[in-house]
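Chemist: Please read through the structure below; I'll follow up with questions.
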Amino acid sequence: MTAPRLPEHLELLLTDEPVFDLYSHGPWRVPDGLLDELRDRAVEFAKDERAQVLSRTLSGFYAPDASVLGAELWSLLTFLLGASS
């Protein structure tokens, strides 16, 4: 008797590679360098000076130097990867 196997399209979930499990599409292999690129772009966005007019005191949950844009990115991320998925 052979060991049970996952269907081929789900085997990706058992690797050490970064995998994004897209809602209703299935697992997708994250291309090399994409996570670093997204992080760099998010950091630059959060530092955008045009958002100074939106400055607010943020809760203690956020780092002391967090911007309102960084807080908004965090909210969007938790929604897209949690509640809406």
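The values are calculated or read from the model by the stated rules, or taken from the named source; none is laboratory data. Since the structure is predicted, the reported quantities are computational estimates derived from the model, not experimental observations. To get the accessible areas, we keep the full protein, side chains included, count just its heavy atoms, and leave off ligands, DNA and RNA. Shrake-Rupley method; radii C 1.70, N 1.55, O 1.52, S 1.80 Å.
Chemist: Can you pull out every residue in the range 41-53 that is in a helix (DSSP H, G or I) and either open to solvent by less than 90 Å² (accessible area, probe 1.4 Å) or closer than 17 Å to PHE20 by Cα (or both)?
Modeler: ALA42, VAL43, ALA46, ALA51
Chemist: Oh, and also: For the range 62-78, which positions are over 17 Å from LEU35 (Cα atoms) and assigned to a helix (DSSP H, G or I)?
Modeler: Matches in the range 62-78: VAL68, LEU69, ALA71, GLU72, SER75.
Chemist: Now, a different point. Kindly indicate the residue of the range 54-66 that is of a type in the set (S, T, N, Q) and modelled with pLDDT of 85 or more and also most open to solvent (accessible area, probe 1.4 Å) among those meeting that condition. Reasoning before the result, please.
Modeler: Of all residues in the range 54-66, those of a type in the set (S, T, N, Q) come to 55, 57, 59.
Next, from what is left, pick out any that are modelled with pLDDT of 85 or more: 57, 59.
Numbers: THR57: 138, SER59: 68 Å².
In this case the residue turns out to be THR57.
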